[in-house]
Amino acid sequence: QVQLVESGGGLVQPGGSLRLSCAASGGIFSRYAMGWYRQAPGKQRELVAMISSGGNTNYADSVKGRFTISRDNAKNTVYLQMNSLKAEDTAVYFCYRWGTNSWGQGTQVTVSS
């Protein structure tokens, strides 16, 4: 019943920017903490950023100062603004919702010159 749909991935040069979006349906969006994970080929999935129902945020050390997670409860959407992208940011990025334990399908981000 819960669906999370990511969008906004693509190919970008090092130093560039992308904004990912995750549109949610089902449940009451504002109740749940939301987050972004990423997974590169052959590597373990890792938590990148999270935002609580109250708007508190946390980031992986590798992205602090470069990425910003935000949410628009009126639009049932969570965002990940990614600036100063590096090659090591290349991965499939997944949206996640706590409470309902829900995952999106993933969106590919490739950082390459």
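Roughly speaking, to the nearest percent, how much of the chain's 1.4 Å accessible area is carbon and sulfur?
Answer for the chain is 45 percent, counting heavy atoms of protein chains only.
In square angstrom, rounded to the nearest 10, how much accessible surface does Met50 have for a 1.4 Å probe?
50 Å²
If you rank Glu6, Glu46 by how much accessible surface each has, with a 1.4 Å probe, what is the order from largest down?
Final ranking, largest accessible area leading: Glu46, Glu6.
Please say if the chain is rounded, prolate or oblate, where rounded means a/c under 1.5 for a ≥ b ≥ c the square roots of the C-alpha gyration tensor eigenvalues, and otherwise the choice is prolate for a/b larger than b/c and oblate otherwise?
prolate
What net charge is computed for the residues neighbouring Gly99, neighbours being all others with C-beta under 15 Å from the C-beta of Gly99, Lys and Arg scored +1, Asp and Glu -1?
+3
Normalised by the residues of the chain, what does the relative contact order come to in percent, with Cα pairs under 8 Å and at least six apart?
Answer for the chain is 37 percent.
In terms of Cα to Cα distance under 20 Å, which aspartates and glutamates are near enough to Lys43, apart from those fewer than 8 places away along the same chain?
Within the straight-line limit of under 20 Å, Lys43 reaches these aspartates and glutamates: Asp61, Glu88, Asp89.
The values are calculated or read from the model by the stated rules, or taken from the named source; none is laboratory data. Predicted, not measured: the structure shown is a model, and the values here were computed from it. Glycine gets a Cβ as well: all are built from the backbone with ideal geometry, and neighbour counts include every protein chain shown. The area values use the complete protein model at the heavy-atom level, side chains included, leaving out ligands, DNA and RNA. Shrake-Rupley method; radii C 1.70, N 1.55, O 1.52, S 1.80 Å.
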